[in-house]
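Asker: One structure is given below, represented as structure tokens, and several questions about it will come after.
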Amino acid sequence: MDLTLHVWRQAGPTAKGGFVTYEAKDISSHASFLEMLDVVNERLIEQGQEPIAFEHDCREGICGCCGVVINGTPHGPHKGITTCQLHMRSFKGGDEIWIEPWRSTAFPVIKDLVVDRSSMDRIIQAGGYISANTGSAQDANALPIRKEAADKALDAAACVGCGACVAACPNASAMLFVAAKLGHLGTLPQGQPERYTRVADMVNQMDSEGFGNCTNHGACQNACPKEIKVDFIARLNMDLLRAALRGDEAD
Ligand code: SF4
Ligand code: FES
């Protein structure tokens, strides 16, 4: 396939960015989207030009670091997959593809398509943990967990922290990400002791990082590669209300 790429290039966090057009010729339809970028980068390097910076690690939908906006949609045209799981057979010869980084105040651009998502790490540090006494491993089944609770916790735990929900939201809200983490820990018995301080602390940190609030657009759910449901946001709001009634809300 011969494609025309319009790629966001930005030399650094404070540099002015802009789209640069590249002709990507003879791209295999069997290549993944990131492999296509690899080919483009090899050619740029051969021509003595700076390769396009993009983030990647696992290339199998696990680490959550590869996300870019493709033709206006986080992670591209298909639901339920990350950018690295997108293949070029989803495009056809002659297509024009616009490739941009996540856009959010809380995700400043580091270079080209790479953004700084450490704001999400700080939200996790604020409360995304459980306290556990260390020692030898517990006997299996020492702590019974209802199947419904285990299923719900596993659904929420599928979140890979990619940030597509923020990129898709018109308010750049991180509510789906935070709700997934709270849903994961707050559904299990191990997560109960800090359940209400956790929601207050994580929501407080989310606000202080500059993420917007949720106004129920639902764009996050559509963009999420792990198909996390907005039901978890309803649960977050319930727990936040309970935290306020209990006096657990953070300062
Ligand atoms: S909720 Fe979905 S879109 Fe948001 S960070 Fe987690 S996996 Fe990514
Ligand atoms: S590179 Fe790990 S999810 Fe895409």
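Asker: Find all pairs meeting these conditions: Cβ atoms under 6 angstrom apart; at least six residues apart or on different chains; first residue within the range 62-84 and over 16 Å from Arg117 (Cα atoms); second residue within 14 Å of ligand 2 (Cβ to nearest atom) and basic (Lys, Arg).
Answerer: Within 6 Å, the pairs are Cys84/Arg59.
Asker: Another question, then. Output the number of residues of the range 40-55 satisfying the condition of being surrounded by fewer than 16 Cβ atoms within 10 Å (Cβ to Cβ) and of a type outside the set (S, T, N, Q).
Answerer: Result for the range 40-55: 8.
Asker: Looking at (1) outside any helix (DSSP H, G or I); (2) more than 15 Å from ligand 1 (Cβ to nearest atom), which one does Glu42 not meet, given that it meets all the others?
Answerer: (1)
Asker: Scan the range 100-110 and tell me whether some residue there is touching a residue at least 24 places away in the same chain (Cβ under 8 Å), more than 16 Å from ligand 2 (Cβ to nearest atom) and farther than 23 Å from Met206 by Cα.
Answerer: yes
Asker: Does Ile52 satisfy the criteria of being within 16 Å of ligand 1 (Cβ to nearest atom), touching a strand residue (DSSP E or B) at 6+ places or on another chain (Cβ under 9 Å) and hydrophobic (A, V, I, L, M, F, W, C)?
Answerer: Here the answer is no, as Ile52 does not meet what is asked.
Asker: Which of (1) touching a strand residue (DSSP E or B) at 6+ places or on another chain (Cβ under 9 Å); (2) farther than 19 Å from Val39 by Cα is the odd one out, the single condition Ser131 does not satisfy?
Answerer: Result: Ser131 fails condition (1) only.
Asker: Would you mention how many residues in the range 73-99 are hydrophobic (A, V, I, L, M, F, W, C), part of a loop (DSSP other than H, G, I, E, B) and either more than 14 Å from ligand 2 (Cβ to nearest atom) or under 15 Å from the mean Cα position of the chain (by Cα) (or both)?
Answerer: 2
Asker: Among the residues that make up the range 166-174, is at least one of them in contact with a Leu (Cβ under 9 Å, 6 or more places away or on another chain), within 16 Å of ligand 1 (Cβ to nearest atom), of a type in the set (Val, Ile, Thr) and within 19 Å of Asn71 (Cα to Cα)?
Answerer: Looking for residues that are in contact with a Leu (Cβ under 9 Å, 6 or more places away or on another chain), within 16 Å of ligand 1 (Cβ to nearest atom), of a type in the set (Val, Ile, Thr) and within 19 Å of Asn71 (Cα to Cα), one finds at least one in the range 166-174, hence yes.
Asker: Further question on the same structure: Looking at the range 185-235, which of its residues are in contact with a Gly (Cβ under 6 Å, 6 or more places away or on another chain) and either among the polar types (S, T, N, Q) or on the phi > 0 side of the Ramachandran plot (or both)?
Answerer: Glu227
Asker: Only one of (1) within 19 Å of Asn71 (Cβ to Cβ); (2) assigned to a loop (DSSP other than H, G, I, E, B); (3) of a type outside the set (Asp, Glu) is not met by Thr21, so which one is it?
Answerer: Failing condition for Thr21: (2).
Asker: Within the range 119-128, is even one residue away from ligand 2 (no atom under 16 Å from the Cβ), in contact (Cβ under 8 Å) with a residue 12 or more places away in the chain, among the hydroxyl-bearing types (Ser, Thr, Tyr) and closer than 22 Å to Asp239 by Cβ?
Answerer: Yes: the range 119-128 contains one or more residues that are away from ligand 2 (no atom under 16 Å from the Cβ), in contact (Cβ under 8 Å) with a residue 12 or more places away in the chain, among the hydroxyl-bearing types (Ser, Thr, Tyr) and closer than 22 Å to Asp239 by Cβ.
Asker: Could you go through the range 120-129 and let me know if any residue there is in contact with a Phe, Trp or Tyr (Cβ under 7 Å, 6 or more places away or on another chain), assigned to a helix (DSSP H, G or I) and either within 11 Å of ligand 1 (Cβ to nearest atom) or over 22 Å from Ile52 (Cβ atoms) (or both).
Answerer: Scanning the range 120-129, I find at least one residue that is in contact with a Phe, Trp or Tyr (Cβ under 7 Å, 6 or more places away or on another chain), assigned to a helix (DSSP H, G or I) and either within 11 Å of ligand 1 (Cβ to nearest atom) or over 22 Å from Ile52 (Cβ atoms) (or both), so the answer is yes.
Asker: Follow-up. Enumerate the helices (runs of 4 or more DSSP H) found wholly within the range 139-195, keeping only those where 3 or more residues are more than 16 Å from ligand 2 (Cβ to nearest atom).
Answerer: It comes to 147-157, 175-187.
Asker: Name every residue in the range 16-72 that is of a type in the set (Phe, Trp, Tyr) and away from ligand 2 (no atom under 16 Å from the Cβ), in order of residue number.
Answerer: Residues satisfying the conditions are Phe19, Tyr22.
Computed from the coordinates by the stated procedures, all read-outs in this text should not be read as laboratory data. Bear in mind the structure is a predicted one, so any value in this text is a computation, not a measurement. Please note: Cβ atoms are built from the backbone with ideal geometry, for glycine as well, and neighbour counts cover all protein chains shown.
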